[in-house]
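Structure first, then comments.
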Amino acid sequence: MSGEFVADLEGMIRARAKTTSPLYQTILAGKATQRLLRTFVEQRWPIKSWWTRNLTGVASRVEDIALRRSLIENAYEEEFGALSHSKRHVETFEDFGRSVGVDPRTLATAAQFPETVAVVEHNKSACNDSHVHFTAGTASVLLLMEGQPPIADEQGRSMMAVMRDTYELPEWGYEFFKHHASTGAEGDGVSELEDEHTEPLRELLTRYCDTPQLQDQARASLQTAIELRHAHFDAILREAYDPAEPVFHYAG
């Protein structure tokens, strides 16, 4: 029964994957302007900067030590990049921002769209509020992030390949996408880190989200998160994209 429940959650995620969003479709199609990519960084950064705090908020309430360690290891990799021989993952996202013209020093104080704030607040509550069972945050924040289907165009080109080949970013500018946003068809669509981080979440949900009430809570939290996330994506595209503007290409 619990296995079917987790499969249902993953089906919800697949049905509204990032690639169903016009924002991601525009970026993957090679049509993004500099203004769109800059706004993408400015509005996605607040959510990414909370990621490890949301991870550890769930981890602190998980009794099983092996599952707790897997979440802490995930947070450790995010904060240090040591396991992937990279660096702090948010810093690689900031490097991406720098490659499209965003000064990383401005990100913490950049104005946030209401839709961005709504995603941040939902994620904080689901993962860190002691009155909300931790499986709600596991489903609606952690699994939603780590369990995304391939983020690739119709030809199977990954976000990393599009950033490298279409927008012509230098390697330091697309480093983030080596470990996030999935690989392309050549890697079965999911990066090694994402695959490693998803399996413990399935086990956690199978073990701890084990009553109809908890499953209803997790399912409702995930549905809310999906709706908020897509409203956030739509706001970025609506506020920052004009197809009359030139497509961005890195010029050094």
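Can you list residues from other chains, or at least 5 along the same chain, whose modelled amide H is less than 5 Å from the amide H of THR33?
PHE248
Would you kindly derive the ³J(HN,Hα) couplings of segment 90-105 from the backbone phi angles with the Karplus curve 6.51 cos²θ - 1.76 cosθ + 1.60 (θ = phi - 60°), listing them in order in whole Hz, with x for Gly and Pro?
4, 5, 5, 5, 5, 4, 4, x, 4, 5, 10, x, 9, 7, x, 5
So what are the ³J(HN,Hα) numbers for segment 112-121, from phi and the Karplus equation (6.51, -1.76, 1.60; θ = phi - 60°), rounded to whole Hz, Gly and Pro as x?
Ordered by residue, 3J(HN,Hα) equals 9, 5, x, 5, 5, 4, 4, 5, 4, 5 Hz.
Please give the FRET efficiency for ASP234 paired with TYR76, using the beta carbon to beta carbon distance and R0 = 25 Å, rounded to the nearest 0.05.
0.15
Specify the inter-centroid distance of segment 197-245 and segment 63-102, based on alpha-carbon positions, in whole Å.
Cα centroid of segment 197-245 versus Cα centroid of segment 63-102: 20 Å apart.
Suppose the chain between HIS131 and GLU63 were pulled fully straight at 0.36 nm per residue; how much longer would it get relative to their current alpha carbon spacing?
That works out to 22.8 nm of additional length.
Please identify, among GLY57, GLY11, GLY97, the residue showing maximal mean-square fluctuation in a Gaussian network model of the chain using a 10 angstrom Cα cutoff.
Ranking GLY57, GLY11, GLY97 by mean-square fluctuation puts GLY11 first.
Where is the GNM fluctuation largest for the chain (alpha-carbon springs, 10 angstrom cutoff): ALA139, ALA17, ALA29?
ALA29
Could you work out the local net charge near LEU67, counting Lys and Arg as +1, Asp and Glu as -1, over the other residues with Cβ closer than 15 Å to its Cβ?
Taking every other residue near LEU67 into account, the sum is -3.
Near LYS178, which lysines are there with a Cα under 20 Å away, not counting those fewer than 8 places off in the same chain?
Answer for LYS178, where 20 Å is the Cα cut-off: LYS18, LYS48, LYS87, listed by chain and number.
Sum up the charges of everything whose Cβ sits under 11 Å from the Cβ of SER86, counting Lys and Arg as +1 and Asp and Glu as -1, but leave SER86 out.
My count for the surroundings of SER86 gives -2.
Among SER140, SER70, SER60, rank each residue by its count of other Cβ atoms within 10 Å, from fewest to most, as a rough exposure measure.
Fewest to most other Cβ atoms nearby, the residues stand as SER60, SER70, SER140.
How do ASP242, ASP234 line up, fewest other C-beta atoms within 10 Å first?
ASP242, ASP234
Convert each backbone phi in segment 6-22 into a coupling constant with the Karplus relation 6.51 cos²θ - 1.76 cosθ + 1.60 (shift: θ = phi - 60°), then list the ³J(HN,Hα) values in order as whole Hz, x for Gly and Pro.
Each residue of segment 6-22 in turn: 5, 4, 5, 4, 5, x, 4, 5, 4, 5, 10, 4, 4, 6, 7, 7, x Hz.
Counting other beta carbons within 10 Å of each residue's own, what order do TRP45, TRP172 fall into, fewest first?
TRP172, TRP45
Each reported figure results from applying straightforward, stated rules to the coordinates on display, with no laboratory input. Treat the numbers as computed from the prediction; the structure is a model and nothing was measured. Quick reminder, even Gly has a Cβ in these numbers, built from the backbone with ideal geometry, and neighbours come from all protein chains shown.
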